[in-house]
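Each reported figure results from applying straightforward, stated rules to the coordinates on display, with no laboratory input. As the structure is a computational prediction, the values presented were derived from the model and not from experiment. Here Cβ is always computed from backbone atoms with ideal geometry, including for glycine, and neighbour counts include all displayed protein chains.
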Amino acid sequence: MNEARVRWITVVLLTTVGLYGASRLEFTSSIKHFIPSEADAELVELSLELVDSPLVRRMVISVGGGPKRGEVAVALAESLRAHPEVAWVESGFDDQALRGVYELYFDRRMYLISEDPTVEIRAMLEPEALAGRAADLRRKLAEPGSMLVSRTAPEDPLGLFERIVERIRAAQSALSGGAGSFESASGEHAIVLLGLRSSPFDSGPQAKLLGYIDSEFARLDSAAGGGLELEMSGVNRIAVASEQSIRGDANFISAVSISVVSALFLLVFRSLRHLAIAILTPLAGFAVAMAVALSGEDPVHGITLGFGFVLIGVAIDYPIHLMNHHAFAPAGTRPRDTVVRIRSSLLLSGLTTTLAFIALALSDFPGLREMGTFAAIGIPVSLMVTLVSIPAFMGPSTSPSPTQNVLASASIGLVRWLDAHRVVAAAIFGVYGMISLAGIPQLRWEDDPSTLIAADPALLAESERVRQRIVDFDSGRFVVGLAPEVEAALVLNEQIHRRLEQATAAGHLEGIISLQSFLWSQTLQRENLRTLQSVSDLGDRIDRAYGASGFRRDAFRNFDATVAKPQAAPLRPEDFAGSPLERALDSLIELDGRWAVVTYLRGAESGEAIRNALAGLDDAYYVDQKEIVADIYQGYRRSTVRMVVFGSVIVFVVLQLRYRNPRHGLLAFVCAALAALATYGIFGLLDVPVNVVSAISLLVVLGMGVDYGIFSVDAARSPERLGATLSSVLVSCLTSVFVFGALAFSEQPALRAIGLTTGIGILFALALVPAVFVLARRT
Amino acid sequence: MRRARTGLALILPIFWVMSGAWIPSGEAANGSNGEARTPTNLDSLMELLSTSGGVRARFQESRHLSILTDPIETDGMLYFAPPDRLARHANRPGRSSIVVQAGRVTFGDETGQRTFDLSSSVVARTLVSNLMVVFRGDLESLRAQHLISFHPNGGNGGGWTLELEPRSRIVRGIIERVRFTGTGRQLTAMETHESNGDRTILRFSDIETGLAWDTSELERIFSLDPPDATP
């Protein structure tokens, strides 16, 4: 095949794959991506399910700043109802909602009297209690709300419906309202709640929705005279902002990388044509890896994209080595002849790097797996492009540039000096060892996954302000009851509710938001009715007690008849469908054939206090997502470190097999191993926290460090390549450091961790190259 | 139908406001604004009411409920400040207050206080706005919401009767009709007939119209901390 055809095929394939990736480009910033997918612990599964549950698919909108806030909030809510991304909107109890509550509960009032019916209902029907209730009713009939009471009293003399309404009102005490729009606890802000159809981490539709809310509010505010203030709380806002930040970082990193690498190529090769040819390699690796990642249904994580840029730093090493060696080849050498000369070194370095990333691809983290797979595909593709396509774009060798000559001469001079001062060479290893020994024991691991993705502090503060305007539940902490059937789940929830009420009374909690305020088990509901029906002289008792307070005898006979023959069956979950309280059922979730009832907590004193409150209740769990996920991360961070060690062993074995010389194999390996250890040593000494991403980044250090080791040992075995090899390593190292250095300036902690770890690690590896060469040559 | 009517009873506190709201729409009972004129038709009555200005009156309310053997008697003071403020402060049998202003209804008694925004309830908004409409003498809006019957009782000392029947089916499910009786510019009574047969009769006395209050007085009157009950 002639070189022109190779060029065309390369360009066409690269363009096709690139266009495919661009057409499917969709990425996410979900923290769920960094949670293990195959964890078998029940709580972890539960926590995973709830990460993307209706708990998270929710927004709170606050409108303040003027007397027209209520009207604007209601108008905004109306406008949002028609938006395709909005599943539901609640802005207040209007006439229809109030009627819905009445229709749901009034005919079922005798089912929902007491959670301890045998004791409480009997106590309610004692003569003294009835007399007190009659006097209370009489007083209420003279009060402003008397028309309400007079309407319901004939059919509900005991105020059973009122008890239910109060129970619901207490559960929603966050939102003072009544007949109007929802309000903040202070009454200074109108509140709108809305549910999302898509995941809040699905940035595309969420960004459109947020834009729509902003524009609609601006229009309504303007129509209302202006001056109103819109504030919002929702995971989607943080997710969209994070994505924008990632996009910004990606643009910044790519711009800086391209600029610096261009400058470096101009300096070394005196030609941007070399850069254009060399950049094909990482672009090809990136494009193919991206296309594979996007061929599935799930979007790629933004962090993976950032990590993909790391490939530029790794993969561009191969054409740099090729071009640099080609420059030092005798004039007129064909590029493919240069390839043959260094092919074994390139193949070995590509193989070891790929193996290191394959270890990462075996991770249980979807995010880590994605990164590992991305690199494990991108690296060999880049290597293949270097060996097959790049030579087609290069011409016969001419002569090295002055910079290449200077770098080669300086490298050779440094090696010669080290050869004459072997103590210094040995001392370098010693210094690395000391840094490692002194620093690694002081390493500070950070296992909170939320620290991997940066959120705008202003957004977080706004979100917190809005959350405080309603009495919201603690984010990420709740109690879950699990049962095989709905009825069993509701029975369990009654026990949980009782325990948590006791904990609240004891001061361990500020309060709870429980499904129990809205729905009881069929068992408890029927027990209520049975207990009421068991009072044979119910009508007479009421007549006697109420007659003494001025009520007509027989005024409440309808109630007696209704108790004997209720007009409705006990309340069931399905009865809530289409009612204004439908959202209350969001806390009843089907999980893989089982039913979970979630109780939200407010102001939990500690996890231990809640666990103590639930002691002895089977299938009732206290879930602290942050705590659980931190435990998971700790486990996976350790697992990742083990994988790094495992990958290192594989690489070591491959090197031993390749060189069939223990010393050469060890020297090719030690460059990477010591660089990785010393990097963590420095972090320990400087108190730089490390996380699971730092651990993954060690694989990059390992892969590139081994490359340097291989090139150094191979150069020692072929001394005529010394100048070309050392200058190649220096240029490729500088390229990588500039790329990773840009990552270290990212606003995203995860990308920053990659940048710092790899940047420092590669520099450490570079510094070992001359010493490795000296020691390898001696053998 | 029964469900719909009873469900709406949840917002009946607002209706209660409405019932008190009509009170000051009459004229001065004891002549603080001088000579009384006799309205001969609805237009002239509304014209009279539109000049009422600030109103203060003592009220006595009798609630006749089917479940009680005797009516419940309530009395207190009522205040109106144009265009949209109303306060009803009851002294007997217990102290309670309702204040309507800026589209919000606040009521309080010994058990606490609650506030409603009228924007989300069509019924409440309609009824409370009716009150404002009458105070302003806005006949057009009144006609939009009610069927109106005006009966001048020429042979009875210039007396008149005004009967309102809500046009809204939902509102009619609660309030069947409201009947005002008065003499000249005097509103002497208001009778509210509910759809369940209960009725409420309000009688007014010591009415003063054409009042103007300064800012501090307005704040005091239209708050849940009622002023002295004595007019």
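Descriptive notes on the structure:
- In sequence order, calculated HN-Hα J values of the range A:569-574 (Karplus, 6.51, -1.76, 1.60; Hz; x Gly/Pro): 7, x, 5, 10, x, 5
- Taking other C-beta atoms within 10 Å as the exposure proxy, A:Ser259, A:Ser91 rank A:Ser259, A:Ser91 from fewest upward.
- Rounded to the nearest 0.05, the FRET efficiency derived from the C-beta distance between A:Arg530 and A:Arg167 at R0 = 25 Å is 0.75.
- Amide H contacts under 5 Å for B:Thr188, placed H, 5+ residues apart: B:Thr181, B:Gly182, B:Thr183
- Residues A:Glu605 and A:Ala455, FRET efficiency given R0 of 30 Å [Cβ-Cβ distance, rounded to 0.05]: 0.70
- Residue-averaged 222 nm ellipticity for chain A, from DSSP H runs of 4+ at -39500 (n - 2.57), nearest 500: -21500 deg cm²/dmol
- Residues whose placed amide H lies under 5 Å from that of A:Phe473, excluding near-sequence neighbours: none
- Efficiency of FRET between A:Ser259 and A:Asn405 - r from beta-carbon atoms, R0 25 angstrom, step 0.05: 0.50
- For the range A:213-227, putting each phi into the Karplus relation 6.51 cos²θ - 1.76 cosθ + 1.60 with θ = phi - 60° gives couplings of 4, 4, 6, 5, 5, 4, 5, 5, 4, 4, 5, 8, x, x, x Hz, in residue order, rounded to whole numbers and with x for Gly and Pro.
- With a simple spin-label model that places each label point 7 Å from the Cα along the Cα-to-Cβ direction, the separation between A:Glu26 and A:Glu510 comes to 3.9 nm.
- Rounded to the nearest 10 degrees, the angle from helix A:522-533 to the longest Cα principal axis of chain A is 10 degrees.
- Net charge of Cβ neighbours under 10 Å - reference B:Phe80; Lys, Arg +1; Asp, Glu -1: +2
- Inter-probe distance in nm under a simple model that places probes 7 Å from Cα toward Cβ, at A:Val340 and A:Phe252: 4.9 nm
- Once the Cα atoms are used to define both axes, helix A:42-51 deviates from the longest principal axis of chain A by about 90 degrees.
- Backbone HN-Hα couplings from phi across the range A:321-336 [Karplus 6.51/-1.76/1.60, Hz, Gly and Pro as x]: 4, 4, 5, 5, 5, 5, 5, 8, 6, x, 3, x, 5, 6, x, 5
- Using a simple spin-label model with pseudo-atoms 7 Å out from Cα toward Cβ, B:Asp225 and A:Asp136 lie 3.0 nm apart.
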